[in-house]
Every structure is written in structure tokens, then in C-alpha cells.
1. I'd like the distance between the alpha-carbon centres of the range 229-249 and the range 189-211, rounded to an integer number of Å.
2. Within 10 Å, count the other beta carbons around each residue, average over each peptide in 184-192, 265-273, and list them highest first.
3. What span do the alpha-carbon atoms of the range 103-218 cover on each of the three principal axes, reported in whole Å from largest to smallest?
4. So what's the projected area for the range 254-340, the Cα convex hull averaged over all directions, in nm²?
5. Between the alpha-carbon centers of the range 25-54 and the range 140-176, tell me the distance in whole angstrom.
6. Skipping prolines and chain starts, which residues have an amide H placed within reach, meaning under 5 Å, of the one on L33, given they are 5 or more residues away or on another chain?
7. Over the range 145-255, what relative contact order in percent results from Cα pairs under 8 Å that are six or more residues apart?
8. Can you spot the aspartates and glutamates whose alpha carbon is less than 13 Å from K11's alpha carbon? Ignore those fewer than 8 places along the same chain.
Amino acid sequence: MNSRVSLPLGKVPVDLLRALLGRFAATKDSGVLVGPGIGLDAAAIRVGGTVLVAKTDPITFVSEEIGRYAFVINANDLATMGAKPKWFLATVLLPPHVTTRASVTRLLQQLHTACESFRVTLCGGHSEITDAVTRPVVVGCLLGECVSSKIVTAAGARVGDAVVLTKGLAIEAVSILARERADEIRRRHGSQFLARCRRYLTKPGLSVLKEAQIALASGGVHAMHDPTEGGLSAALYELAEAAGVGFRIEAEKIRIFPETARLCMDFELHPLGTIASGSLLICIDPAFETRTLARLRTARIPAVRIGTVTHRRNGILLVEHNRTRPFPRFPVDEVARLFSTRPHAKRQRRSRRSRSSTIRSSIDSFSF
């Protein structure tokens, strides 16, 4: 592959990242219990008698409510490892000419409110106005604690595990589109529909902290993962890479919400490859599945078994309309693709009909 070809928007390609981590990020520090790796959500470092779990993640898709996004997205990755979030730092980069005292105050208020609601201390960071960005960017860093014996990582998935998905797909995508494409959505579906989509930030909500804690307390959890950029597809391939396993996933078990289905059709987004914070993937011993699902339902968190962990040699498979095929992969997250520079109009018109047909067929396979 030509090393001078520009890379697409989104995560660094897995093959390149795998090679670079192997060359430049290997650690010999015995205190590092979980270091960098594909599908590993955060670092875990032994500090005295406890384990410090650390995560950093930027918010680049949205500018409205960016403070809350920055906190929740980082907290989700700590939750998947069984850690309790405690300390948050934020690097805030703001564009010139449009940043005002009011907008800075609003962003810091969002960070403060989000941290306070989860009893986390906002303890530091950095802020500046810079022409390096054209819209606000917040890079969060969240630290938490965990008992070493209770650390969960994506690498723990075992053959035979049940694969459980909470809530439904692409919650974050709906919230993002409701803020970044508000006028278009209002024009197509009205203000009430738009208001419902905007509320996806809190209902069903982007946080998976509660369901992660319930699952861990129920027992039998071997791995958890937060489907973010790249959606369910990227999350499954990352889990498979981390644990050295395969998956067999049933399309009809995967839930998407009506608003999600509508916006995926409107904007020609495939729901399997669309940013999906708010859902939690849990790989769990089947003996604990019934109890875990019951406790999640009691907490009013929808959850369903969508498949099974299989041997790596089987790959990642999707059962759809009684046919089995490789689970779709996406070169870039579908929302990132939407927000990137659009292709030439003629090429776009030629591919529009076939893409819409594929998306509609896939959505028809999901549960509502």
C-alpha cells in the first residue's frame, strides 16, 4: 500500500494502527496491567493497592452540548472496564472570530454539570482559542479506580459467550444529526420529531455506566465494549481482534429505534456502521444471561441477546433473512462520511439508488 496516499476521516486504519502500536507503544512497565491495543477501551495502571484506569477521547462531530458529550464518551470506556470514574480533565480548543465569553461559559457549565451528575471531580485541563480548529474540540481525559481482580477488558470474550446488546443502535448518531442537521430534519419531519431526536442525548441516553454496573453485579461478564465510531461493525471487529474470537450475529435481534431508522434512510447511513455510543456490548457466560437481562429490564434498560461468540476461524458472521454472510465492514464511520466532502454529483446520483435499497433492506431485518 502506498504510504503517501491520504487516509480517510475517522479512526486510523486497523492494520496501520496495529503495526504502529507494536513498534512504538510496547511497554515493559510491570505496573501497566492493560496497555494500548485494538479494542481495548482504556489503560489500567497499578498504583499502590489500587488500579488507576485512564481514558482520553476527543469530541469532533458536534459543537452543541460538547461538554456533556466529552464527559459521557470517556466515562463509557471506563464503565466497560468495571472502573468507577473519579477525576476528569479537559483540553478545550476553540476557533477564533466566533468564540465569545458566553460560549466559553456555556461549555464549562456543561462540563461542570456532567461531572457533578456522576460525582466526578473536574480537576484540570487546558483551554485556548486557536486557528488550528474551525469548530470547538474538547479532548477529555477521565481517571477512575478499580480493584485489579475485577478489571474487564475486550480481550476477555470467550467462545460460547452470549452477546448482549443494550438499548439499540446508533443512539449517538441520532443526537448528532439532530444538532448538526436540525433544519433539514425539521423541514422533513416537523419540530416534534426533531425534539425527540435531540432528547436521544439523555433518553435513551449516551451513558452506559448504569447498565455496565448492573451487568457486572449480575456476574459472568467476560468482556464489554462501547460501540462508538464505526458503530456495531467496528465494535465487533475490535472485540474479535482483542479476544481472538469470532461472532455469529442475528440481524433480527438487533434493535434500532424508529427515529434512528428514519434518519438512516433520510441520510443514507447504514445503521451497522453508524456511531453508536449509548449501546453496550456484553459478552457473558450463558448461565448468567437470564439473570442479567432480567435485572436490566427491571432498571428499564432494554437488552437482548443478539448472538454468540464463536471460534476465530469462523470469522464474524451476520445471519440475515435466513442467509449467513460476513458482517459488513465500513472504511469510515457513516456519520463521518456524511460530514466529509461529498463526491461529484454525477457519481453520487449513480450510486444513490443502490445504496438506499441496501440500507432499506438492512433496516427491514432489524427489530423495533
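1. 26 Å
2. Working: 184-192: 13.3, 265-273: 20.7.
Ranking the peptides 184-192, 265-273 by packing returns 265-273, 184-192.
3. In descending order, the Cα extents are 48, 38, 27 Å.
4. Numbers: hull surface 30.2 nm².
Over all viewing directions, the range 254-340 projects a mean Cα-hull area of 7.5 nm².
5. Their Cα centres are 17 Å away from one another.
6. Result for L33 returns A44, I45, R46.
7. Numbers: 84 pairs, mean separation 47.8, N = 111.
Relative contact order of the range 145-255: 43 percent.
8. Hits, sequence-local ones excluded: D57, E229, E238, D333, E334.
The values are calculated or read from the model by the stated rules, or taken from the named source; none is laboratory data. Model, not experiment: these values are computed from the prediction. Backbone-built Cβ (ideal geometry, glycine too); neighbour counts: all protein chains shown. Only protein heavy atoms, including side chains, enter the accessible area calculation; ligands, DNA and RNA are left aside. Shrake-Rupley method; radii C 1.70, N 1.55, O 1.52, S 1.80 Å.
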